[in-house]
1. Taking every pair of alpha-carbon atoms in the stretch 1-126, give the share separated by more than 19 Å as a whole percent.
2. Per residue, what volume in Å³ does the convex hull of the Cα atoms of the stretch 167-263 enclose?
3. Pairs of alpha-carbon atoms within less than 8 angstrom and 6+ residues apart define the contacts here; what relative contact order does the chain have, in percent?
4. Starting from the 7 Å offset along Cα-to-Cβ, what nm value, one decimal, do you get for the label separation of ALA297 and GLN278?
5. Express the relative contact order of the stretch 142-211 as a whole percentage, based on alpha carbon pairs under 8 Å and six or more residues apart in sequence.
6. From the backbone phi of the stretch 176-185, what are the Karplus-calculated ³J(HN,Hα) couplings (6.51 cos²θ - 1.76 cosθ + 1.60, θ = phi - 60°) in whole Hz, Gly and Pro given as x?
7. Where the eigenvalues come from the Cα gyration tensor of the chain, what are the semi-axes √(5λ) of the equivalent ellipsoid, largest first, in whole Å?
8. Please identify every one of the GluC sites (Glu not before Pro) in the stretch 180-275 that sits in a loop by DSSP and has no more than 11 other beta carbons within 10 Å of its own beta carbon.
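Please treat every number below as a calculation from the coordinates, not as lab data. Remember, predicted model here, so these are calculated numbers, not experimental data. Ideal geometry is used to build each Cβ from the backbone, glycine not excepted, and the neighbour counts take in all protein chains shown.
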Amino acid sequence: MKVLLTGAAGQLGQALIDAAPAGMELLASSRNGGEGLLALDLADATSCRQAVAEHRPDWVLNAGAYTAVDKAEAEPELAGAVNGAAPRAFAEAIREHGGRLLQLSTDFVFNGQQGSPYRVDQSRDPLGVYGASKASGEEAVEALLGASGQGLVLRTSWVIGPVGKNFALTMLRLHRDKELLGVVADQVGCPSSTLNLASACWQAIQRHSQGAAPPPVLHWCDGGAASWYDVSVAVGELGMELGLLECAATVNPITTADYPTPAKRPNYSLLDCQGSRQVLQLQAQPWRAALKDVLQAIPTTP
């Protein structure tokens, strides 16, 4: 099976490469290419279509994205190109040349106002540019590939991993550098370890290819629920336990109003993953245990 992977230099992309099933022909790509990577700029829709036409992958695993939530408010065109136009281009090319598309998406397609976990079939209502751009990508996949069953959307939330840029690694650094932290406690969701998320992606592809096609939308995150404050406290505690920190900072809970940002964020964006876990035949790891695995997997500097 040939899989064209986008975003290979990112935190999820690296986890997907590490977890790729044996025998997979993986064409890993990133915006700038590099050693062992194809160069593929997701902001260039023509290049996305050409990549499918040239390589004729069985799957496009679109893990690349514009993820700078606040910066997107000032760069709506770029966010829209990467998160909306690129999935549309892949879907157009797949409809013409064959293959399938697994599109990674986000809890930010919801407004976070209902106070209960979001089901896969609920209507999208994003609050900001980032969420709207990802919703646009979902809509394109559904419109172009929904009838044929060639498109699959997998939504996730609060992605953290041992490499790249993410909340857990930022908190680990701040615990080292600061004595006191204020972290938002009134936004609730759930972290998603790249280690577990990568397994879910490959399982979705393999089950689809084996004839056990999942539904067109899946949800995946680790088990439980947490606020950003909860995660930051856990990073400090686990960092101490694992010897990554000599001491942890004191973390005080603050409100969203105390920490204004350019982009609005959903206050409650927990995803209902129960049905998706049954389809994928994967058990949820509690988020704190998954966080510990992430911290333990941080590369050590020689």
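1. 51
2. 130
3. It comes to 20 percent, rounded to a whole number.
4. 2.8
5. Normalised by residue count, the contact order of the stretch 142-211 is 33 percent.
6. 6, 8, 10, 9, 9, 10, x, 10, 4, 10
7. Whole-Å semi-axes of the equivalent ellipsoid: 31, 21, 19.
8. In loop regions of the stretch 180-275 (DSSP not H, G, I, E or B), the sparsely surrounded GluC sites (Glu not before Pro) are GLU246.
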